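The values are calculated or read from the model by the stated rules, or taken from the named source; none is laboratory data. Bear in mind the structure is a predicted one, so any value in this text is a computation, not a measurement. Note that we place each Cβ from the backbone using ideal geometry, even for glycine, and neighbour counts take in every protein chain shown.
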Amino acid sequence: MKIAITGHSAGIGQALYEIFQSNGHEVIGLSRRNGYNIRSLPKVLEIIKSCDVFINNAQVGFAQTELLFALYKEWQGIENKKIINISTFMTSEPVSALPGIEMTEYYVQKTALESLTTLSQIRANYLIDATEEFFTGDLDRVSLRKDIAWFQYDGSEMVEAKWLDTHLRYLGFAIDAKDAQALFVAINGGGEDLEFKLPGSSWGNSYRTIFDASQSVTDFAPIIKKPNDASLIKALSVQIWLINRS
């Protein structure tokens, strides 16, 4: 098996590199020390796309997320390709491990990466109603809605060209739950607050927040809005809305 791993020169990456090598796999290490900084996307992608497994271990801002988007486009539709994302204890402990080093931003980036990983898995494995195209799936014949739909911040549905934008920092999706309800999730992965427009009336009659990552549990107060209303989402934050159709 041919395996590519970023950040292989130290820590977890180095340990994995050595383990896979000792088990007879062909392992390609990519790190700044051997001239493969993941910010150099075309150079790194060219090496990885010929491999069977990619271990996404190096963390440099949003470069690893951009690499995942690019690699997904290369591997889409190819069987037996695997992506493994490595996270750390910083995901659950956003406290500096070393004196004088602030790790909060690192923690947020790791959390965002894990969320995107989960979404990618959902996209790859979603088989309900056997829709051929997950992001642009067929309408349900009864409800005349998609089982899941993806939205831009202006409330319009995502188009294929937008998925090629490696600088995309926002995403919204609605999941059809049952006749009278659905969920809408809005993610702002950018460094600035974003006004996100809620989906139109074809999805529901009203929207109520049930989670806002920018608010503490004790301070959280639900907000009710109408279709096409705008909601302000704080930088690097997530909102979850309950859609009511009754």
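Observations on the structure shown:
- Listed here are the strands (runs of 3 or more DSSP E) enclosed by the stretch 182-242 that have at least 2 residues being within 17 Å of residue 156 (Cα to Cα) and aliphatic (A, V, I, L, M): 230-233.
Condition check ((1) on the phi < 0 side of the Ramachandran plot; (2) in contact with a strand residue (DSSP E or B) (Cβ under 9 Å, 6 or more places away or on another chain); (3) in the same structural domain as residue 82 (by TED's automatic domain parsing); (4) buried (at least 16 other Cβ atoms within 10 Å of the Cβ)) across all residues:
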{"site": "8", "(1), (2), (3), (4)": "yes, yes, yes, yes"}
{"site": "14", "(1), (2), (3), (4)": "yes, yes, yes, yes"}
{"site": "24", "(1), (2), (3), (4)": "no, no, yes, no"}
{"site": "27", "(1), (2), (3), (4)": "yes, yes, yes, yes"}
{"site": "30", "(1), (2), (3), (4)": "yes, yes, yes, yes"}
{"site": "37", "(1), (2), (3), (4)": "yes, yes, yes, yes"}
{"site": "42", "(1), (2), (3), (4)": "yes, no, yes, no"}
{"site": "55", "(1), (2), (3), (4)": "yes, yes, yes, yes"}
{"site": "58", "(1), (2), (3), (4)": "yes, yes, yes, yes"}
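The rows are residues; the columns are (1) surrounded by fewer than 20 Cβ atoms within 10 Å (Cβ to Cβ); (2) outside the structural domain of residue 15 (by TED's automatic domain parsing); (3) modelled with pLDDT of 85 or more; (4) of a type in the set (Asp, Glu).
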| site | (1), (2), (3), (4) |
| --- | --- |
| 46 | yes, no, yes, yes |
| 50 | yes, no, yes, no |
| 61 | yes, no, no, no |
| 76 | yes, no, yes, no |
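- Residue match in the stretch 170-183 (condition: under 25 Å from the mean Cα position of the chain (by Cα) and at pLDDT 90 or above): no
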